[in-house]
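Everything below concerns the one structure shown next.
The values are calculated or read from the model by the stated rules, or taken from the named source; none is laboratory data. Note that this is a predicted model, so its numbers are computed, not measured. Counting neighbours? That spans all protein chains shown, and the Cβs are built from the backbone with ideal geometry, glycine included. Please note that ligands, DNA and RNA were not included when accessible areas were found on the heavy atoms of the full protein model with its side chains. Shrake-Rupley method; radii C 1.70, N 1.55, O 1.52, S 1.80 Å.
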Amino acid sequence: MRLYVPFLLTACYVLSYMDRLALSLLVEQVKEDLLLNDTQIGLLQGMGFTLFYIIAGFPLSRLIDHGNRKKIISVCISVWGTMTALCGLAASFVQLLLARVGVASGEAGLVPGALSIFTDLYHEKKLVKVVSIFMMAPYIGSGLILLLGGALLNYFISLDESLGYLPGGLAPWQMVFICVGLPGLVFSLLVWTTIPEPERKEAGVAKIGPVEERYKISDLVDHFKSSLVFFGGYFVAIACVAVTLNVIMAWTPAALIRAYGVSEYELGIVFGPVYIVSGIAGCLAAGYLTSMTATSNIKDAVMKVMKYLSFVLIIPVCISGLIQNLYFSIAMIGVVIFIASGLFAISIVPLQLMVPNRMRAQFFVVFSTFCSLIGAGGGPFLVGIVSDFIDSTSSLGIALVTVSLASTVVASSILWFLRP
């Protein structure tokens with residue numbers, strides 16, 4: 001069961017990223033059918049999604065800290081799966097935005113719930129490895145949606161051309177949303193019926209009060225203020241890493257399609273495996289490096305690894321903007337994903353070990369909120385604005401590299417001097 005729980009929850013996290021990032025593959029199709037610009041697409045992928053992810057996260061985290069975590073996660077999966085399928089029925093920008101709001105609201109409960117369960121199941125060193133594996137999911141999901149989504153889109157385009165129509169008069173991109181959304185209902189049932197609810201325990205931190213006591217918001221604020229310099233700097237640094245990762249996930253497919261004229265299917269075959277392998281390898285490498293570096297202080301080991309990874313990350317981000325060949329571009333982006341994924345995968349661990357159990361999910365949501373507003377919300381949206389402002393054939397690629405490079409430099413500068 002200790003292997004099954006992280007396996008199933010990681011699979012759910014993979015599915016959530018497939019549902020979340022289906023739009024990144026379908027950008028050109030959606031823009032053409034719904035007559036949208038890059039700023040609107042940036043809003044759908046960024047702030048329009050992230051803001052409601054955050055809003056839903058706060059009440060869900062309170063429920064997770066004091067309720068049955070597996071049931072909460074199960075309901076969340078069914079919500080985001082259903083709303084992803086409803087994206088396939090959207091006929092306007094507003095309808096698609098409302099469906100994306102539903103996807104965000106459902107996905108907000110998975111990560112804090114899963115991390116809370118993991119912390120009660122594993123000791124510190126094992127926890128690092130489990131979290132590293134769990135944090136592979138965004139890259140597996142991103143790669144799979146490129147592979148499977150591209151294949152599905154190609155199939156529905158061919159079917160539409162041969163038959164002259166699709167069921168319900170839907171467009172090929174709408175059928176893709178429906179196909180990737182409905183499996184969420186199956187995963188929801190599996191979580192509800194097969195995962196046990198572990199006993200809550202404290203891990204490596206002092207208690208503020210009895211385990212049964214509900215922490216107040218003021219206790220959460222006091223805990224943050226107790227290490228204000230570290231928590232404040234850490235939040236900003238990881239938010240900047242999130243910018244780099246999110247703009248790559250959201251805009252790279254569209255940028256490569258525009259720059260090199262490849263189809264979504266052709267891009268998925270080449271870029272999908274690179275995304276998966278780079279993300280998995282980066283997460284495993286970061287977990288391994290941390291375990292090898294750690295002696296008695298896991299937090300210091302994590303910070304040391306993150307410091308060097310953030311500095312090295314600047315190099316491939318710079319080079320990726322200078323290459324004018326599709327395959328070299330994909331290879332260099334793979335290096336960026338490898339380093340950034342490892343850095344982000346272990347970034348949760350110091351917070352897990354520094355925060356009491358009964359406020360852990362709420363603290364994580366505060367951390368996630370900050371990272372999401374800047375990274376997932378601001379990053380893709382800013383790229384869309386810059387691209388529309390430049391308004392040239394290469395504007396999207398220029399905007400992507402500019403935003404990701406600036407955020408990486410800020411993250412590295414902070415992490416280099418920060419210590420828990």
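What's the number of the condition N154 fails, among (1) in contact with an Asp or Glu (Cβ under 8 Å, 6 or more places away or on another chain); (2) open to solvent by less than 40 Å² (accessible area, probe 1.4 Å)?
Of (1) in contact with an Asp or Glu (Cβ under 8 Å, 6 or more places away or on another chain); (2) open to solvent by less than 40 Å² (accessible area, probe 1.4 Å), only one is false for N154: (2).
Restricting to the stretch 372-420, name every residue that is small (G, A, S) and under 24 Å from S347 (Cβ atoms).
Our first condition is that a residue be small (G, A, S); within the stretch 372-420, this holds for 372, 375-379, 384, 387, 392, 394-395, 397, 399, 404, 406-407, 411-413.
Scanning the stretch 372-420 gives S372, G375, A376, G377, G378, G379, S404, A406, S407, A411, S412, S413.
Among the listed residues G143, G149, G181, which satisfies the condition of being modelled with pLDDT of 90 or more, farther than 28 Å from I64 by Cβ, open to solvent by less than 50 Å² (accessible area, probe 1.4 Å) and not aromatic (F, W, Y)?
Numbers: G143 fails: modelled with pLDDT of 90 or more; G181 fails: farther than 28 Å from I64 by Cβ.
Just a single option satisfies the conditions, and that option is G149.
What are the pairs with Cβ atoms under 8 angstrom where one residue, in the stretch 72-85, is more than 13 Å from L190 (Cα to Cα) and without any contact (Cβ under 8 Å) to a residue 40 or more places away in the chain and the other, located anywhere, is among the hydroxyl-bearing types (S, T, Y) and in a helix (DSSP H, G or I)? Sequence gap at least six, or different chains.
Partner pairs satisfying both residue conditions: V79/S105.
Determine whether the stretch 280-297 contains at least one residue that is within 28 Å of R258 (Cβ to Cβ), of a type in the set (V, I, T) and open to solvent by 60 Å² or more (accessible area, probe 1.4 Å).
The answer is no; no qualifying residue exists.
Determine if the stretch 188-206 includes at least one residue that is modelled with pLDDT of 80 or more, among the polar types (S, T, N, Q), open to solvent by less than 60 Å² (accessible area, probe 1.4 Å) and under 27 Å from V5 (Cβ atoms). Before the answer, list the steps.
Residues of the stretch 188-206 modelled with pLDDT of 80 or more: 188-198.
This time we only want the ones that are among the polar types (S, T, N, Q), so: 188, 193-194.
Those left that are additionally open to solvent by less than 60 Å² (accessible area, probe 1.4 Å): 188, 194.
Now drop any that are not under 27 Å from V5 (Cβ atoms), which leaves 188, 194.
Yes - at least one qualifying residue is present in the stretch 188-206.
What residue, among those in the stretch 155-196 that are without any contact (Cβ under 8 Å) to a residue 40 or more places away in the chain and among the aliphatic types (A, V, I, L, M), is nearest to V79 (Cα to Cα)?
Of everything passing the filter in the stretch 155-196, V186 is nearest to V79 (Cα to Cα).
Filter the stretch 285-300 down to the residues that are over 22 Å from the mean Cα position of the chain (by Cα) and β-branched (V, I, T), then identify the one that is modelled with the lowest pLDDT.
Only one residue fits best here, namely T295.
Can you find, within the stretch 368-389, the residue that is modelled with the highest pLDDT among those that are open to solvent by less than 60 Å² (accessible area, probe 1.4 Å) and out of contact with any helix residue (DSSP H, G or I) (no Cβ under 6 Å at 6 or more places or on another chain)?
Here the residue is G378.
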